[in-house]
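Accompanying notes for the structure given below.
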Amino acid sequence: MSVNKVILVGNVGKDPEVRYLDKNVSVANFPLATTERGFTMANGTQVPDRTEWHNIVAWRGLADIAEKYIKKGSQLYIEGKIQTRSWEKDGIKRYTTEIYAENIQMLGRRPDSEPTAATASATGAMPQADSAPIEDPDIAPPEDDDSGLPF
């Protein structure tokens, strides 16, 4: 048995880039930053904040939601899986590690002028699998309700 599961809570680094492939299949890519807070050790040594950048890939319905509602600075909860792919450029083999989103939840306060997507999920984030929102994107949970948080 094996498990490939990732849970991230972080901030979007730039607006999603959305492309449309054959048969109008959409894919969105955007960076997500997670930060481990710095601290002071017992001996007085300062350990600074450490930010890690993650490449997020969202397909079909999740890509459509990303295009409409996710912007630079948005705070997101993302569930997905890690996938590494490789390609060759100028005779050099290159690799990248990406997070294929299966569930995206918007966190934080919603601007009064913009509707947001509360939760979206995909049955599988691979291009051949269907993905669709599981809730109406115009309905957000009450802001004081922490029941949707994983912790």
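Some observations on this one:
- Test: residue in segment 81-101 that is closer than 28 Å to V3 by Cβ, buried (at least 19 other Cβ atoms within 10 Å of the Cβ) and among the polar types (S, T, N, Q): no
- Any hit, segment 83-106, residues being at pLDDT 90 or above and part of a loop (DSSP other than H, G, I, E, B): yes
- Among the residues here, I78 qualifies as crowded, with 20+ Cβ neighbours inside 10 Å, part of a strand (DSSP E or B) and at negative phi.
- Looking only at residues in segment 45-58 that are of a type outside the set (A, V, I, L, M, F, W, C) and in contact (Cβ under 8 Å) with a residue 40 or more places away in the chain, the one that is surrounded by the most Cβ atoms within 10 Å (Cβ to Cβ) is H54.
- Pairs, first under 23 Å from E52 (Cα atoms) in segment 95-115, second modelled with pLDDT of 95 or more and among the acidic types (D, E), C-beta under 6 Å, six or more apart: E102/E79; N103/E79
- Lone qualifier among A42, A28, A66 - being among the small types (G, A, S), within 12 Å of the chain's Cα centre (by Cα) and either part of a strand (DSSP E or B) or surrounded by fewer than 12 Cβ atoms within 10 Å (Cβ to Cβ) (or both): A28
- Here K5 meets the list (1) surrounded by fewer than 12 Cβ atoms within 10 Å (Cβ to Cβ); (2) farther than 11 Å from Y100 by Cα almost entirely, failing just condition (2).
- Just one of the listed residues (G10, G61, G73) is at positive phi and either surrounded by 10 or more Cβ atoms within 10 Å (Cβ to Cβ) or not in a strand (DSSP E or B) (or both), namely G73.
The values are calculated or read from the model by the stated rules, or taken from the named source; none is laboratory data. From a predicted model like this one, the values you see are computed outputs, not experimental measurements. Glycine gets a Cβ as well: all are built from the backbone with ideal geometry, and neighbour counts include every protein chain shown.
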